[in-house]
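J.: Structure incoming, see below.
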Amino acid sequence: MADQASAPLSVLAYGDSNTWGAVPQPYRGAGGRFGVTQRWPRIMQAALGAGVSVFEEGLNGRTTCVDDPIEGEIRNGERYLPVSLITHMPLDLVIIMLGTNDLKARLSMTAGDIADGAGKLADLVRRSTTGPDGLAPEVLLVSPAPLAKLTWLTEMFEAGSAKSQKFAAEYARVAKAYGVHFFDAGSVIASSDDDGIHLDADAHRTLGLALAGEVRRILEI
């Protein structure tokens with residue numbers, strides 16, 4: 001653990017549109033992004049105070065470790081994670097919350113496959129030297145909240161709802177296998193019924209505060 005008197009502890013929030021702060025979309029093209037103070041990484045930052053620096057790395061459409069045939073290889077979370085780690089090093093903790101986009105029907109992934117993909121990212125962090133003193137950062141693997149009522153996204157996420165209900169158990173399995181920390185987002189929040197996949201402002205606040213508690217526990221602050 002870093003000396004807070006000399007430098008803040010550093011936490012990387014690595015995720016998809018729910019880390020970027022996409023506003024739930026009741027119809028295609030609605031768009032929108034929550035303001036800086038409304039997004040869960042910033043809420044977590046405010047709760048933790050000046051002794052912790054939180055870096056946001058959210059990307060709409062990001063998957064765990066697969067190229068999206070429609071949205072392109074830049075959505076592959078495994079491709080950019082090493083760059084992000086080096087950009088923000090030294091990092092005390094990396095929070096990974098990915099998997100919702102892997103539920104898209106065109107990617108044909110099971111809940112277990114998706115959790116294993118997230119596990120690849122956790123392992124990449126644990127094998128890195130981007131923590132203090134050239135060691136690896138701690139890792140918190142977060143299973144995304146299950147899908148809610150799908151509206152215009154029903155076809156895109158066909159069969160995804162049932163798979164998402166298995167996320168917590170599968171991510172817990174993977175976290176245990178890799179020896180990293182685990183948190184079930186679905187234990188404190190739910191996805192919005194406006195589109196079934198994104199978080200509303202209340203969910204961002206609840207998740208940010210819950211994860212602040214996890215950061216305190218892991219980093220002993």
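Every read-out reported here was derived from the displayed coordinates using simple, explicitly stated rules and does not represent laboratory data. Keep in mind the model is a prediction, meaning the values are calculated, not measured. Glycine gets a Cβ as well: all are built from the backbone with ideal geometry, and neighbour counts include every protein chain shown.
J.: Could you check how many residues of segment 97-147 are β-branched (Val, Ile, Thr), farther than 20 Å from Asn60 by Cβ and touching a residue at least 12 places away in the same chain (Cβ under 8 Å)?
T.: Of the residues in that region, 4 qualify.
J.: Can you name every residue in segment 132-166 that is of a type in the set (Ser, Thr, Tyr), touching a Pro at 6+ places or on another chain (Cβ under 9 Å) and surrounded by fewer than 23 Cβ atoms within 10 Å (Cβ to Cβ)?
T.: Within segment 132-166, Thr151, Ser161 meet the criteria.
J.: Tell me yes or no: at least one residue of segment 151-158 is touching a residue at least 60 places away in the same chain (Cβ under 8 Å) and closer than 27 Å to Val52 by Cα.
T.: no
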